[in-house]
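This report concerns only the one structure given below.
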Amino acid sequence: MLSYRQREKLSDLWTASRSAIFIGLGVILLVGLWYVLATSGPGRAVKEVPKEIISAADPVLLKKIADVADLETRYKGLTAADIISDEALLVLAEAVAKQREIARSPVHGDYAQQQNLERLESEYDALRAKRALGTIEQRIKDGDDDVKALRLTEAEAAYAEALQLQRAVNTGAAPSRFKNYVREAEIEKSLTALQVYPLNQEKERALEKAREAVKEQRWADALAGYTSARDALDRINREFGATRFADLAGFDRIEAEIATLNAASIVKELDAKEAEGDLADRSGDNKAAAALYLEALTRQQQVNLLFARSRFVSSKRIEVLETKLQTARSQPIAVELTRLERSISADLRRRRLVSADQALPRALELTERLEKDFPRSNYVDGALRIKLSYLGLKRAEIKGVQDKVFDRLLPLIGVDDRLMLASEMPQDIYETVMNTNPSRNPGRSMPVDSVNWADAQEFCTRLGWIMGAKVRLPTESEHRGALADNPGEVRSSAGEGKVGTTDGGRANPNGYRDLVGNLAEWLDADPVFDRAMLAGGSNLDSPEALAKFVLESRAKVDRARHIGFRVVMELPADR
């Protein structure tokens, strides 16, 4: 028995040498595994050919090899003119069969013979495919012609033969250029379509009858025809969705025609109600018109809700009928508002300011009510609201403006329906009316300057509201008529050449000042043009230049310190 000291030494020795022992065992195992694999691989599993067989040539196999070469040469000769004959196919098939026997031989079936077999098989399949392509195309054409002639049995046979040939090409060893998987799928679809063709014909006949019935206004027959067509197409879409006869958009169109026919009677009533409403509106019976328009609107809303696919669905017609309805309902308010607006203008024109001031709040109230309760009414007039609101804001200043303007108005020579301002427009009147003063020659009695044509037009509009009459820029003939070849004192560039006040300078015999000189004045012009005339010249012109009547064409947007204007007020016959 080992002593304790000996066991301890053995334990230390084992600990020190353990790693080396395991590494050695691992190396031994790897070497053994390599030997087993090297000596028992696949090559050893095949029974070795006896040396006496390998050394002796098999005359039968050698003859087959020679036959294959001869057959291939013969085949090439037969196809030299790129004509594929039955004989060429037979020759190449025989060559393939003999080459297959050679490739399977344990003696000569090496890699080279196997490659030769694959080459011959590929060439044979390519030859068959090339020959089959013409047949496939012809049989597809035959099938299409048979379908058009409704020979469905013959069409099915033609498509089936074409499909069989195409599948043989696609699954064979022919080169990829002969394969056509898309055509195979299309032929399959054509075969499937033959099943749905009678159903599609039924749909087309139903549609034809429905359209003819619509032309003749036989609405019940039309509805029956469209319903039959819809049912047939619905079945086609569900059961034969992959065919060319499936048509989801066509189904929607037929549904729309059915909805249209179902809605036709309602639309007929709608048209009648709208026409009656128009007649009542023209005759002045706004209550009857409103009731009829309401009925028409209700029917259009019904069509839009219940027959959403119908071509009679129309949001625009809803808007038109709503406008007509609100216009008819708002007519009493509009009539009263029109009367008040005319009364206010007449009172302002005749300077009955208290009466105009009393009517103005009621007119503003009606304007607000019209816009709030009947926003689509044709009587809603934004311009009228602006006018009345402006007059409401200027109520305290209307009398002062009228006094100043009337003090400066003079009748034009030879007419009694127009008055023209004796001077150029003073800045104090312009600032009161427009709430601004663009002048670069400031002064309350100085003429307003630096205004463009649009500024002058806007001033005329507002002053016309205050005066209760139309106010506008003078025409050239009016300017010349007031001048009468006697300008009075002419303020030109002579001396200091400064702009003078509107009440300075000597007037001409007709009472007008500064028709020549001081400021050039805008004349009336067609709004569509972008230029207008300036008359009379200005303080920048010499006395010699102002000796003639000066006219200058300027862009309407121009502003300058030497440009101003005066106004003409037209008086109505009932003034």
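The values are calculated or read from the model by the stated rules, or taken from the named source; none is laboratory data. From a predicted model like this one, the values you see are computed outputs, not experimental measurements. Here the Cβ is made from the backbone with ideal geometry for all residues, glycine too, and neighbour counts use every protein chain on show.
If I ask for residues that are within 29 Å of LEU163 (Cβ to Cβ) and among the small types (Gly, Ala, Ser), which ones from segment 102-134 would you list?
The answer is SER122, ALA126, ALA129, ALA132, GLY134.
Filter segment 530-548 for residues that are modelled with pLDDT of 95 or more and surrounded by fewer than 16 Cβ atoms within 10 Å (Cβ to Cβ); which is nearest to the chain's Cα centre (by Cα)?
Checked segment 530-548; the qualifying residue nearest to the chain's Cα centre (by Cα) is ASP530.
Could you grab me the full set of residues in segment 268-309 that are in contact (Cβ under 8 Å) with a residue 40 or more places away in the chain and over 30 Å from PRO332 (Cα atoms)?
VAL303, LEU306, PHE307, ALA308, ARG309
For residues in segment 255-288 being charged (D, E, K, R) and under 13 Å from ARG309 (Cβ atoms), which is surrounded by the fewest Cβ atoms within 10 Å (Cβ to Cβ)? Even if it seems obvious, please write down each step before you answer.
Start the filter on segment 255-288 by keeping residues that are charged (D, E, K, R), which leaves 255, 257, 268-269, 271, 273-274, 276, 278, 281-282, 285, 287.
Right, trim to under 13 Å from ARG309 (Cβ atoms) and you get 255, 257.
Working: GLU255: 17, GLU257: 24.
The selected residue is GLU255.
Within segment 511-537, which residues are within 18 Å of LYS498 (Cβ to Cβ) and either of a type in the set (Phe, Trp, Tyr) or in contact (Cβ under 8 Å) with a residue 40 or more places away in the chain (or both)? Break it down into steps so the answer makes sense when it comes.
Going residue by residue through segment 511-537, those that are within 18 Å of LYS498 (Cβ to Cβ) are 513-514, 516-521, 536-537.
Within segment 511-537, ARG513, ASP514, ASN518, LEU519, ALA520, GLU521, GLY536, GLY537 qualify.
Only one of ASP221, ASP281, ASP271, ASP234 is part of a helix (DSSP H, G or I), charged (D, E, K, R) and within 30 Å of ALA160 (Cα to Cα). Can you tell me which? Reasoning before the result, please.
Working: ASP221 fails: within 30 Å of ALA160 (Cα to Cα); ASP281 fails: within 30 Å of ALA160 (Cα to Cα); ASP271 fails: within 30 Å of ALA160 (Cα to Cα).
When all the criteria are applied, what remains is ASP234.
Select, from VAL182, VAL169, the only residue that is crowded, with 19+ Cβ neighbours inside 10 Å and either assigned to a helix (DSSP H, G or I) or in contact with a Ser or Thr (Cβ under 7 Å, 6 or more places away or on another chain) (or both).
Working: VAL182 fails: crowded, with 19+ Cβ neighbours inside 10 Å.
From the options VAL182, VAL169, the qualifying one is VAL169.
Quick check on my filter: what residues within segment 440-451 are surrounded by 19 or more Cβ atoms within 10 Å (Cβ to Cβ) and either among the charged types (D, E, K, R) or within 49 Å of the chain's Cα centre (by Cα) (or both)?
Scanning segment 440-451 gives ASP449, VAL451.
What's the number of the only condition in (1) on the phi > 0 side of the Ramachandran plot; (2) over 49 Å from the mean Cα position of the chain (by Cα) that GLY468 fails to meet?
(2)
State the number of residues belonging to segment 549-575 that are farther than 20 Å from PRO447 by Cα, modelled with pLDDT of 95 or more and over 49 Å from the mean Cα position of the chain (by Cα).
Looking only at segment 549-575, we keep the residues that are farther than 20 Å from PRO447 by Cα, and these are 549, 553, 555, 570-575.
Next, from what is left, pick out any that are modelled with pLDDT of 95 or more: 553, 555, 570.
From what's left, over 49 Å from the mean Cα position of the chain (by Cα): 570.
Selection size over segment 549-575: 1.
If TYR293 meets every condition in (1) in a helix (DSSP H, G or I); (2) surrounded by fewer than 20 Cβ atoms within 10 Å (Cβ to Cβ) apart from one, which number is that one?
Exception for TYR293: condition (2).
Looking only at segment 313-349, count how many residues are outside any helix (DSSP H, G or I) and modelled with pLDDT of 95 or more. I'd like the intermediate steps shown before the answer.
First pass over segment 313-349, keeping only residues outside any helix (DSSP H, G or I): 313-314, 330.
Right, trim to modelled with pLDDT of 95 or more and you get 330.
Counting residues in segment 313-349 that are outside any helix (DSSP H, G or I) and modelled with pLDDT of 95 or more gives 1.
To keep it simple, each residue is scored yes or no on (1) in contact (Cβ under 8 Å) with a residue 24 or more places away in the chain; (2) among the polar types (S, T, N, Q); (3) within 22 Å of ILE236 (Cα to Cα).
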| residue | (1), (2), (3) |
| --- | --- |
| ALA126 | yes, no, no |
| ALA157 | no, no, no |
| GLN166 | yes, yes, no |
| ARG177 | no, no, no |
| ILE187 | yes, no, yes |
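What about ALA242, is it part of a helix (DSSP H, G or I) and either at pLDDT below 85 or closer than 28 Å to GLN300 by Cα (or both)?
no
Consider GLN99 carefully, then state whether it is surrounded by fewer than 15 Cβ atoms within 10 Å (Cβ to Cβ) and either over 30 Å from LEU194 (Cβ atoms) or out of contact with any Gly (no Cβ under 6 Å at 6 or more places or on another chain) (or both). Full working, then the answer.
On the way: surrounded by fewer than 15 Cβ atoms within 10 Å (Cβ to Cβ): no; either over 30 Å from LEU194 (Cβ atoms) or out of contact with any Gly (no Cβ under 6 Å at 6 or more places or on another chain) (or both): yes.
Criteria not met by GLN99.
Name, by its number, the condition in (1) within 44 Å of the chain's Cα centre (by Cα); (2) buried (at least 17 other Cβ atoms within 10 Å of the Cβ) that does not hold for ASP145.
With respect to (1) within 44 Å of the chain's Cα centre (by Cα); (2) buried (at least 17 other Cβ atoms within 10 Å of the Cβ), ASP145 is out only on (2).
Can you tell me which of (1) of a type in the set (Lys, Arg); (2) part of a loop (DSSP other than H, G, I, E, B); (3) in contact (Cβ under 8 Å) with a residue 12 or more places away in the chain is the one ARG554 doesn't meet?
All conditions pass for ARG554, except number (2).
Would you please name the residue that is modelled with the highest pLDDT, looking only at residues in segment 128-138 that are of a type outside the set (Lys, Arg) and crowded, with 19+ Cβ neighbours inside 10 Å? Spell out the reasoning first.
Our first condition is that a residue be of a type outside the set (Lys, Arg); within segment 128-138, this holds for 129, 132-138.
Imposing the further condition that a residue be crowded, with 19+ Cβ neighbours inside 10 Å reduces the set to 129, 132, 136.
Values: ALA129: 79, ALA132: 80, ILE136: 86.
Among them, the one singled out is ILE136.
Counting only residues that are of a type in the set (Asp, Glu) and not in a helix (DSSP H, G or I), which one in segment 356-409 is modelled with the lowest pLDDT? Steps first, answer last, please.
Initial filter on segment 356-409 (of a type in the set (Asp, Glu)): 357, 365, 368, 371, 373, 381, 397, 403, 407.
Checking the rest, the ones that are also not in a helix (DSSP H, G or I) come to 381, 397.
Numbers: ASP381: 92, GLU397: 96.
Among them, the one singled out is ASP381.
Is it the case that TYR124 is surrounded by 15 or more Cβ atoms within 10 Å (Cβ to Cβ) and aromatic (Phe, Trp, Tyr)?
On the way: surrounded by 15 or more Cβ atoms within 10 Å (Cβ to Cβ): yes; aromatic (Phe, Trp, Tyr): yes.
Yes: the conditions hold for TYR124.
For segment 228-254, enumerate the residues that are crowded, with 17+ Cβ neighbours inside 10 Å and in contact (Cβ under 8 Å) with a residue 40 or more places away in the chain.
Residues satisfying the conditions are ILE236, PHE240, THR243, PHE245, ILE254.
Return yes when LYS203 is touching a Gly at 6+ places or on another chain (Cβ under 7 Å), under 30 Å from ILE254 (Cβ atoms) and of a type outside the set (Ser, Thr, Tyr) and no when it is not. Break it down stepwise before answering.
Numbers: touching a Gly at 6+ places or on another chain (Cβ under 7 Å): no; under 30 Å from ILE254 (Cβ atoms): yes; of a type outside the set (Ser, Thr, Tyr): yes.
Criteria not met by LYS203.
Looking at this structure, is TYR35 of a type in the set (Phe, Trp, Tyr), more than 30 Å from ALA132 (Cα to Cα) and either modelled with pLDDT of 75 or more or loosely packed, with under 10 Cβ neighbours inside 10 Å (or both)?
no
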